[in-house]
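Take a look at the structure set out below.
FYI, it's all coordinate maths here, none of it is from the lab. Keep in mind that what you see is a predicted model, and the values were worked out from it rather than measured. No Cβ is skipped: glycine too gets one built from the backbone with ideal geometry, and neighbour counts run over all protein chains shown.
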Amino acid sequence: MNATIRIKLSLMMFLEFFIWGAWFVTMGRYLPEALQFSDPQVATAYGTQSLGAIIAPFIIGLIADRYFSAQRILGILHIGGAILLFLAANANSFGGFYPLILLYMIIYMPTVALVNSVSFRQMSDPSNQFGNIRVFGTFGWIVAGLFISFGTDWEKEGLLKNTFYLASVASAALGLLSFFLPNTPPSLDANKKSSLGEIMGFEALKLLRDSRYRRFFVTSILLCIPLAFYYQMANKFLNESGIEKPTGIMTFGQISELLCMLLLPLFFNRFGLKKTLMLGIGAWCLRYILFAYGNTGQGMWMLLLGIILHGICYDFFFVSGQIYTDFKAGPKVKSAAQGLITLATYGIGMMIGFFLAGFIGQKYTLAEGGHNWQMIWLVPASFAFLVLLFFTLTFRDEKVTTS
């Protein structure tokens, strides 16, 4: 892979996650403040991510893998996404906003797989080369948050609708860039008939015959329920707690994610699969306890630590889970297995979590305004503890090789 291709792929990854980080983090605050959405309506808006994750395999399996070069459909989807984000920024009601963001997430979620596909097809050794490209996606998310908080006054001045304009411009830029990416032709024969199960990757369901993987699979879905609380409510929580520039502060979580990614192989090889996954689940429980009892006075360190724990929360469970899934899958179903765990977690698990967070948020809304955040955060903390208990008692450790 030459330097020009490396630069193009790195910029592609940067923009892909810059777009997502520019609007998704702040939407939980923007919708109730600017458009007076209720907590259940905010939950419904966040649930579009899950619907997009569920529908994405159809788009990839039926269209991208058979009829179009990956970089071309990536460009078309992002240009269409730029238009939808621009329109969403100008919506002023739930009925106007929701259809736009739903359609946007339906066409955005497939692009997460497409940028991986474009990258992998240019690499001679993906296991060693992909990480150096994918890291620019995390940088993109970080830069988006830092720009919104420290490069503008949008949070302070109630101009968070501009985050959708920002994401729209970035989406248009990536759409144009996509047509200059290396050619990535369809990977399947358009004339070859395949069953719906093959297209959707349902052959990977055979992994669930293994009792250990089945328990891990169930645990992954359950853990995504408390995970959704963080994505949907953390920015609004920090703002109501008096934290200035919360979007920028939340990027500490992505910075810790980069550092923990370096530590993960050492911990994984030293302590094994089960203890690594347990640490990841336990970090979610601890994070929400810190949020429940932290404040902007003497407990400020608790809020910051809860944010910084994101690296352990995400890497030690979800990245380890991807490694475990790859290990358990045979050569023919590796991609299908990753698609299945993504559909189950970001699709089913987080959809349940978003709607539960909306219900809990409404339940603990105070009459004088704001929320009883201690009671709200104790719900996902308790749920994460039960998930940890379930996993600890039912999962038998397994030796996993990462080579």
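The table for this structure:
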| item | result |
| --- | --- |
| Unmet criterion (only one of (1) farther than 23 Å from Ile249 by Cβ; (2) of a type outside the set (S, T, N, Q); (3) under 20 Å from the mean Cα position of the chain (by Cα)) for Phe316 | (1) |
| Matching helices (runs of 4 or more DSSP H) fully within the range 306-401 where at least 1 residues are crowded, with 16+ Cβ neighbours inside 10 Å and touching a Pro at 6+ places or on another chain (Cβ under 7 Å) | 334-342, 350-363, 373-394 |
| Residue count, the range 139-165 (criterion: closer than 13 Å to Phe18 by Cβ, surrounded by 21 or more Cβ atoms within 10 Å (Cβ to Cβ) and among the aliphatic types (A, V, I, L, M)) | 3 |
| Verdict on Phe136 being surrounded by 17 or more Cβ atoms within 10 Å (Cβ to Cβ) and aromatic (Phe, Trp, Tyr) | yes |
| Among the residues listed as Phe58, Phe24, the single one being among the aromatic types (Phe, Trp, Tyr), closer than 26 Å to Gln338 by Cα and within 16 Å of the chain's Cα centre (by Cα) | Phe24 |
